[in-house]
Amino acid sequence: QVQLVESGGGLVQAGGSLRLSCVASGSINSINFMGWYRQAPGKQRELVARISTIGTTNYADSAKGRFTISRDNAKNTVNLQMNNLKPEDTAVYYCNIRTNRDYWGEGTLVTVSS
């Protein structure tokens, strides 16, 4: 059983910052990627950022220059620092880890007011 526990979502004004955190626990074999996805109302889930075991990162174009992903392999944690938030960043953010399959958190809501 693998559990992903997310924290850090909330309401923030445009231009503000939030930091999302995710801790993975349970019977986890080697984790390849850890990442964050988001799903806005009426839209498909999309990648925000992901990071490999050796620290290689991928960002959505909308996140580049504003968001920073980091991970602690020893603690099975992944964080997403989000700066200069915009109303279009409003979504449910999901933590994801990829081993030989994908695991997902339950999601944390981020609301950015204009």
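Using the basic label-point model (7 angstrom from Cα toward the beta carbon), what is the R101 to S21 distance in nanometres?
2.9 nm
If you roll a 1.4 angstrom probe over the protein chains with everything in place, what fraction of the accessible area of the chain belongs to carbon and sulfur, to the nearest %?
So the carbon and sulfur contribution to the accessible surface is 45 percent.
How large is the charge dipole for the chain, taken about the Cα centre, if only the Cβ atoms of Lys, Arg (+1) and Asp, Glu (-1) carry charge, to the nearest 20 debye? Kindly include the intermediate steps, with their values, before the conclusion.
Values: 12 positive and 8 negative charges, 32 e Å.
The dipole of the chain has a size of about 160 debye.
Would you kindly find the accessible area of V5, with a 1.4 Å probe and non-protein molecules such as ligands, DNA and RNA excluded, rounding to the nearest 10 Å²?
The value for V5 is about 90 Å².
From the phi of every residue in region 12-17, what ³J(HN,Hα) in whole Hz does the Karplus formula 6.51 cos²θ - 1.76 cosθ + 1.60 yield, where θ is phi - 60° and glycine or proline is x?
9, 7, 4, x, x, 10
Can you work out ³J(HN,Hα) from phi for every residue in region 57-64, in order, using Karplus 6.51 cos²θ - 1.76 cosθ + 1.60 and θ = phi - 60°, giving whole Hz and x for Gly and Pro?
Using θ = phi - 60°, the values come out as 10, 10, 10, 5, 4, 5, 9, 4 Hz.
Using the heavy atoms of the protein chains and a 1.4 angstrom probe, tell me the accessible area per residue for the chain in square angstrom.
On the way: 6200 Å² over 114 residues.
Roughly 54 Å² per residue, with all protein chains present.
Quick one: what are the phi-derived ³J(HN,Hα) couplings along region 68-75, Karplus 6.51/-1.76/1.60 with θ = phi - 60°, whole Hz, x for glycine and proline?
My calculation for region 68-75 gives 9, 9, 8, 8, 10, 5, 5, 9 Hz in order.
The values are calculated or read from the model by the stated rules, or taken from the named source; none is laboratory data. Keep in mind that this is a model prediction, so the values were computed, not measured. Virtual Cβ from ideal backbone geometry, glycine too; neighbours counted across all protein chains shown. The protein model used for the area step is the full one, side chains on, heavy atoms only, and it has no ligands, DNA or RNA in it. Shrake-Rupley method; radii C 1.70, N 1.55, O 1.52, S 1.80 Å.
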